[in-house]
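The values are calculated or read from the model by the stated rules, or taken from the named source; none is laboratory data. If you're wondering where the values come from, they're calculated on a predicted model, not measured in any experiment. Using ideal geometry, Cβ is built from the backbone for each residue, glycine included, and neighbour counts are taken over all protein chains shown.
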Amino acid sequence: MNEILEFETYLSISRTKFGIYLFDTKNRNNFYDKEVTFEKTNFINYSHLKQFLDDNIFRIEKLVGKFIENIFIIIDDNKILNIQIGIKQKNYQPSKSKVYLQSSITNAKDLFNENYPEEKIMHILIKNYLVDGKNYFYLQDNLEYEQLNLVIQFKSISSVTMRSLNKVLENYQIKITKYLDGNYVKNFNKEEIEISEMAFNILNGANQNEVIITQKNIKKLGFFEKFFQLFS
């Protein structure tokens with residue numbers, strides 16, 4: 001049996017469907033998957049979510065012979081906050097390096113956290129670059145600039161929702177590793193692939209305009225070349 005570290009567990013939550021997936025990161029497919037659909041509601045029914053997890057968590061753990069300790073949450077909810085912030089930066093030492101972007105994005109992140117303290121950032125996306133008056137969808141390598149304007153989008157989940165989900169997962173001693181915006185995950189991936197693989201791609205830097213937030217002691221870059229990392 002493969003080591004559990006070769007698998008990642010994803011839980012997809014919306015107001016019409018729950019899904020859980022044990023994703024084989026080596027072979028890029030689901031080793032286990034289960035979905036349940038229901039009529040649309042105006043809220044996430046956490047009692048039904050717990051019943052769904054009761055039916056599947058122990059099956060997965062029995063299948064792999066180990067406990068699930070961490071899980072990725074893919075949540076599709078109209079309460080997800082989408083905020084765009086514009087940042088202007090003068091580069092007083094013109095450079096071909098992208099390193100100057102980090103201070104701009106850090107400033108925008110701090111501004112978001114200051115104004116939305118009850119929100120948890122899920123994604124930081126750079127929607128547009130204006131470099132010396134010229135628009136770019138991607139910041140090209142070896143591009144010198146003096147004036148850089150950015151439009152940065154923050155996608156976040158409320159602390160209320162986080163506490164509710166954490167409370168459910170605590171019943172299984174499972175920690176939530178990261179939250180992902182389900183609508184973003186599905187719309188970014190155009191291929192006909194499972195949502196678990198879509199999320200895996202996003203987490204591993206498939207979108208070069210997404211800022212990957214990592215801990216300072218994390219060195220693994222994953223399967224895709226990342227745009228750059230912003231340390232938390």
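Output yes when any residue across the range 95-116 is of a type in the set (S, T, N, Q), at pLDDT 90 or above and loosely packed, with under 12 Cβ neighbours inside 10 Å, and no when none is.
The answer is yes, given that some residue of the range 95-116 is of a type in the set (S, T, N, Q), at pLDDT 90 or above and loosely packed, with under 12 Cβ neighbours inside 10 Å.
Tyr145 - would you say it is modelled with pLDDT of 95 or more, assigned by TED's automatic domain parsing to the domain that holds Lys90 and either touching a Ser or Thr at 6+ places or on another chain (Cβ under 9 Å) or more than 19 Å from Tyr184 (Cβ to Cβ) (or both)?
Considered against the rule, which asks whether it is modelled with pLDDT of 95 or more, assigned by TED's automatic domain parsing to the domain that holds Lys90 and either touching a Ser or Thr at 6+ places or on another chain (Cβ under 9 Å) or more than 19 Å from Tyr184 (Cβ to Cβ) (or both), Tyr145 comes out as no.
Check whether at least one residue in the range 145-165 is surrounded by fewer than 12 Cβ atoms within 10 Å (Cβ to Cβ) and assigned to a strand (DSSP E or B), and report yes or no.
The answer is no; no qualifying residue exists.
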